[in-house]
1. Residues of region 60-77 being part of a helix (DSSP H, G or I) and crowded, with 19+ Cβ neighbours inside 10 Å, which ones?
2. Restricting attention to region 255-267, does a residue exist that is over 24 Å from residue 37 (Cβ atoms) and of a type in the set (Lys, Arg)?
3. How about region 84-101: which of its residues are closer than 17 Å to residue 56 by Cβ and modelled with pLDDT under 90?
4. Of the conditions (1) over 21 Å from residue 226 (Cα atoms); (2) open to solvent by less than 20 Å² (accessible area, probe 1.4 Å), residue 52 fails just one. Which one is it?
5. Could you look through region 9-38, keep only residues that are more than 24 Å from residue 177 (Cα to Cα) and of a type in the set (D, E, K, R), and pick out the one that is least open to solvent (accessible area, probe 1.4 Å)?
6. Across region 106-158, what is the number of residues that are part of a helix (DSSP H, G or I) and without any contact (Cβ under 8 Å) to a residue 24 or more places away in the chain?
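The values are calculated or read from the model by the stated rules, or taken from the named source; none is laboratory data. Just so it is clear, the structure is predicted and the values come from calculations on it, not from any experiment. Please note: Cβ atoms are built from the backbone with ideal geometry, for glycine as well, and neighbour counts cover all protein chains shown. Accessible surface areas use protein heavy atoms only, side chains included; no ligands, DNA or RNA. Shrake-Rupley method; radii C 1.70, N 1.55, O 1.52, S 1.80 Å.
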Amino acid sequence: MSNDIKFDFANNSIATAYDQVLVPLLFEPWTTRLITENKPWSGKYVLDLACGTGAVTKQLLNHVTCKGKVFALDLNEEMLAINKKKFEELGCEDVIEFIHASAEKIPIEDNTLDTVICQQGFQFFPDKHKAAREIYRILNKGGELVISTWLPVSECEIFGTLCETLEEIEEKELSQLMRIPFDYMQKDELKTVFTKAGFNTIKIEKQSMNLHLPEGVNQALAFVYGTPIGPKLKALPLEKQEKFKEIFTKKLNRFDKNNFGEMAAYILKTQK
């Protein structure tokens, strides 16, 4: 993968589309499962690392109670602003703190947190080893870490279909771009990073969920246009856009009604 090909979230329209399309359709169901399977949260001090527009932040606030606190950290100002705006009118100042910072230099004191949770963000960090060491530093002894990262597009079917379509219309660079959250964080690498950071007992399991889009094919099209490559898709020549929609829609017919295949993720759990 070329070093020049990068996901770009630093655009308000991308952050807004992410929040309005991808969060409710893709991230919220996974968040609910992640939060439910890692209870209890009451009274805990928790970092939502790479919090984005707040899928995890929102559910954490419903669980930590007034005795706990949520720290929501992201390097992307546009994503963080959307997240912060959601809670401005709720009077949550005592239980939430928003932090604009890098995962490689977290402005939280040593041995402060009970849990760090990072849903689909770790694979984007430029220096994963440094980020893992920072996570280790800020956790209390016995503190818990929960990380989720996607499996390759071959196991996240709608994105595999999207990449196939892009390659068929000779947009290989866009296909490469779309693969970034999926194809470049393998299980062994994930374990090695956290082992070197100081974590000992590391468990990684594969989880799968169906992607349900209740409005069918039209919603599937809106879904892919809601990804960070959406603006680049819209910038394609009109003729190529129509060809993309035709091929992609035809490929979607292999799925069953409103279920557009499986999404699969690695869930890493460990303690300091």
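1. Just the residues of region 60-77 that are part of a helix (DSSP H, G or I), to begin with: 60-64, 77.
Hits for region 60-77 are 60, 61, 64.
2. As a first pass, look at region 255-267 and keep what is over 24 Å from residue 37 (Cβ atoms): 255-258.
If we keep only those that are of a type in the set (Lys, Arg) too, we end up with 257.
There is at least one residue in region 255-267 that is over 24 Å from residue 37 (Cβ atoms) and of a type in the set (Lys, Arg).
3. 86, 87, 90, 92
4. Exception for residue 52: condition (1).
5. Here the residue is 33.
6. Of region 106-158, the ones part of a helix (DSSP H, G or I) are 122-124, 128-138, 153-155, 157-158.
Adding the requirement that they be without any contact (Cβ under 8 Å) to a residue 24 or more places away in the chain leaves 154.
Residues meeting the conditions: 1.
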